[in-house]
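Right, one structure below, let's go through it.
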Amino acid sequence: MTGLMVMFLLIAVCYMLRVEGDAGRIKTVAVTYSETRDALYEELRKEFSADLPKWHAQLIKADLTLRFSEPDILFSPGSSELKPAFKDILSDFFPRYVRILRSPKYRDAISEIRIEGHTSSDWTGAASPDDAYLHNMELSQARTRSTLLYVLMVPQVRGDLDWLRRLVTANGLSSSRLILDASGKEDAARSRRVEFKIRSDAETRIEKILEVAR
């Protein structure tokens, strides 16, 4: 075997070992994420299962979303002011939510707590679908800001403000992620919702592995 062929073989072997190593690290991150997600879901389910029906809320395991989807409780049409009933829910929900996420078991695995505001595609008096979308974008952003401001003022979480400011974001998404009914048509009422989502640090860790591999 010529020296050049040996050199190419060594390069190929090194590349394969590096790829296998990267794949192994990514798999480890993915397994850890899956285990953490499952454990966190179970804790959230145990904590809130009795409250979800009266809050008209859902806990979704796939992306650890807690969805509040009763528009008559959340906001008046076209308004970003929280209704008293929604304030009561948030005052009860958010301190318990933070207590779980701040526990040593989970706090280092969380990269973001997203408050998302969603609307239907409707807007009375809109000149076009684009016009309705933009009006709803403004409204959904205002609603998430109102929600964020309220939960940060809940007395029981004031001691966690530094941590919360690093992680909590407010995201208005207009009608970009509609909920559809069984026939595939927009469910306007269910599309009007507020969601709390947990993002883990798994994506960031995988991105760092891939950057080193390049």
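In segment 87-119, the residue that is farthest from VAL157 (Cα to Cα) out of those that are hydroxyl-bearing (Ser, Thr, Tyr) and not in a strand (DSSP E or B) is THR119. Hey, among the residues in segment 93-128 that are surrounded by fewer than 15 Cβ atoms within 10 Å (Cβ to Cβ) and farther than 26 Å from LEU82 by Cα, which one's farthest from the chain's Cα centre (by Cα)? Residue satisfying both the conditions and the ranking: ALA127. Do we have any residue at all in segment 175-190 that's surrounded by 15 or more Cβ atoms within 10 Å (Cβ to Cβ), in contact with a helix residue (DSSP H, G or I) (Cβ under 8 Å, 6 or more places away or on another chain) and part of a helix (DSSP H, G or I)? Looking through segment 175-190, none of the residues is surrounded by 15 or more Cβ atoms within 10 Å (Cβ to Cβ), in contact with a helix residue (DSSP H, G or I) (Cβ under 8 Å, 6 or more places away or on another chain) and part of a helix (DSSP H, G or I). Taken across segment 191-206, residues that are at pLDDT 95 or above, in contact with a helix residue (DSSP H, G or I) (Cβ under 9 Å, 6 or more places away or on another chain), part of a loop (DSSP other than H, G, I, E, B) and over 30 Å from ALA132 (Cβ atoms) do not occur at all.
Does segment 77-87 contain at least one residue that is out of contact with any helix residue (DSSP H, G or I) (no Cβ under 7 Å at 6 or more places or on another chain), modelled with pLDDT of 90 or more and closer than 30 Å to ASP162 by Cβ? Within segment 77-87, one or more residues are out of contact with any helix residue (DSSP H, G or I) (no Cβ under 7 Å at 6 or more places or on another chain), modelled with pLDDT of 90 or more and closer than 30 Å to ASP162 by Cβ. Pairs meeting the criteria (first residue in segment 42-60 and touching a residue at least 12 places away in the same chain (Cβ under 8 Å), second residue polar (S, T, N, Q) and assigned to a loop (DSSP other than H, G, I, E, B), beta carbons under 8 Å, at least 6 apart or on different chains) are HIS56/SER69; ALA57/SER69; LEU59/SER49.
The values are calculated or read from the model by the stated rules, or taken from the named source; none is laboratory data. Being a predicted model, the structure only gives us computed values, none of them experimental. We place every Cβ from the backbone using ideal geometry, glycine too, and count neighbours over all the protein chains shown.
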